[in-house]
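Everything on this sheet refers to the single structure shown next.
Bear in mind that the values in this text are calculations on the coordinates, not laboratory data. Predicted model only: the values in this text are computed from it and were never measured. Here the Cβ is made from the backbone with ideal geometry for all residues, glycine too, and neighbour counts use every protein chain on show.
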């Protein structure tokens, strides 16, 4: 299973990638912002996209809208991992096309459950 | 909220600072337990500055119906331990991520406090983290602000969460 991890913080990308590796998901691709992620997506469709909200150039919801505008990516599961936890933030993310939402701080178990749930549904 | 925080609330500290300190204590304990698998013991808050002296200071500003900033102040050794635990990696790999790891911890603390304050009816945005690393520096709030220092113990390490709140008392 390939996971695209999108976050402007290299440290947060490393945290997520290391957690995924511990969960057995070795095949990961990283992008530092939405534009870089769209370039990565043009090279291949992952099984799951994990994205941050607050990023330069293109924020998380804008990135997800761009993903959903592409027919080939319309059904790719997207998990948003963010500190943006207000009810209205969740609504914005869901309206943009996010499938699930994980609020920081998160445990490895919580990330595992979300990823498993998304891949089961897809 | 811990006993120490409750006791502090009963003093003459400004109410909004008390509310934010209680939130800071809750979220800091939770974030350290969840993200770095460390128990942090809360001490006694003090409602005055300056920001505690530390080698690594990660600050996140907030603005909206409340404005100010929150900073996480730790020693270089504590920052390295946090980075290593956060990344689940070797000390060598973690060393390159000390700044960002402290910034991420501060970001999560501020983001979680923002959520708690939003639940209380406030509207806040938070800035990206700014991390200062050094051995001989100090900071000072230049305006008439409310301040609070929340001390914690993480094993042998002391760490502090510092709050500056402008405007609302």
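For the protein assembly as shown, the convex hull drawn through the C-alpha positions has a volume of 127 cubic angstrom per residue. Shape descriptor for the stretch B:3-164: Rg over Rh equals 0.95 (Cα atoms; Rh from the Kirkwood inverse mean 1/r).
Translational D (Stokes-Einstein, µm²/s) of the stretch A:3-121 at 10 °C and 1.306 mPa s when Rh comes from the Kirkwood sum over C-alpha pairs? Estimated via Stokes-Einstein, D reaches 114 µm²/s. Note on the stretch A:29-88: along the principal axes its Cα atoms extend 33, 21, 18 Å, ordered by decreasing extent.
Per-residue shielding of A:13-20, expressed as the average number of other chain Cβ atoms within 10 Å of the residue Cβ, stands at 4. The simple Förster model, with R0 at 30 Å and r as the Cβ-Cβ distance, assigns residue B:127 and residue A:120 a FRET efficiency of 0.20. Here the residues A:25, B:97, B:157, ranked from fewest to most Cβ neighbours within 10 Å of their Cβ, fall in the order B:157, A:25, B:97.
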